[in-house]
Ligand SMILES: N[C@@H](CCC(=O)N[C@@H](CS)C(=O)NCC(=O)O)C(=O)O
């Protein structure tokens, strides 16, 4: 029997959506090869790529005969297909809570996060400081929930889980945008530093 090829990851290095998959691949010690897709050149909209992901976005993984896109769904797949080490608790109620928090960190953060990102991408003299301040304030308010959730635990749901892996790329950007660290969010600040020490973060730092 011939050995199966390692997982292939269609990747754009600075993409947070690709980065969350890379963290999970590394946490699970899964060998993989990256196939760079240059988003600046529009390679993600070429017909061959659209056959893999009709949305024309990275990441995409190929695992044997399985082709998958959507980073959060890829990570759920990796967790189920390669259960060791586990990145989700066994109890359905705990799993459901983690999924609620992943959704919160993605969907609920999206509007102020994108607003801030768009504004900061502009030339400094064209930026609207009111928009920046408003988006930062909204993000800090949303982050309070994670500050309460983590409490004195090491990771967002106690043990390291998909919740940490899925959210870390976005939270690293929040640090780059000057939202974190914040004196009002001390536990999250410590978590961010703790996350940076994990070997799996080397793939994205
Ligand atoms: N919901 C998707 C979003 C994927 C996504 O937006 N990827 C970006 C890179 S971070 C992309 O490929 N953008 C190129 C484009 O939209 O043309 C996921 O989680 O995988």
Item checked: Three principal axis lengths of the chain [C-alpha, angstrom, descending] -> 59, 42, 27
Item checked: Nitroxide proxy distance, nm - points 7 Å out along Cα→Cβ at residue 108 and residue 38 -> 4.1 nm
Check: In vacuo Debye scattering of region 128-180, one point per C-alpha: log10 I(q)/I(0) at q = 0.12, 0.19 Å⁻¹?
Finding: -0.31, -0.70
Item checked: Size descriptor, Kirkwood hydrodynamic radius, that averages inverse alpha-carbon separations across region 92-199, Å -> 14.4 Å
Notebook entry, point to check: What is the packing order of peptides 152-158, 100-106, 49-55, taking the mean over residues of other C-beta atoms within 10 Å and listing the highest first?
Noted result: 100-106, 152-158, 49-55
Check: Modelled label-to-label distance, residue 198 and residue 118, 7 Å Cα→beta-carbon offset: nm?
Finding: 3.1 nm
Next item on the list: Write down the Å³ per residue value for the convex hull defined by the alpha carbon atoms of region 1-57.
Entry: 97 Å³
Next item on the list: Along Cα→Cβ, 7 Å out, is where each label goes; now give me the distance between the ones at residue 29 and residue 95 in nm to one decimal.
Entry: 2.4 nm
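Taken together, the values in this text are just the output of simple stated rules run on the coordinates, not laboratory data. A quick note: this is a predicted structure, and the numbers were derived from the prediction, not measured. Note that each Cβ is placed from the backbone with ideal geometry, even for glycine, and that neighbours are counted across all protein chains shown.
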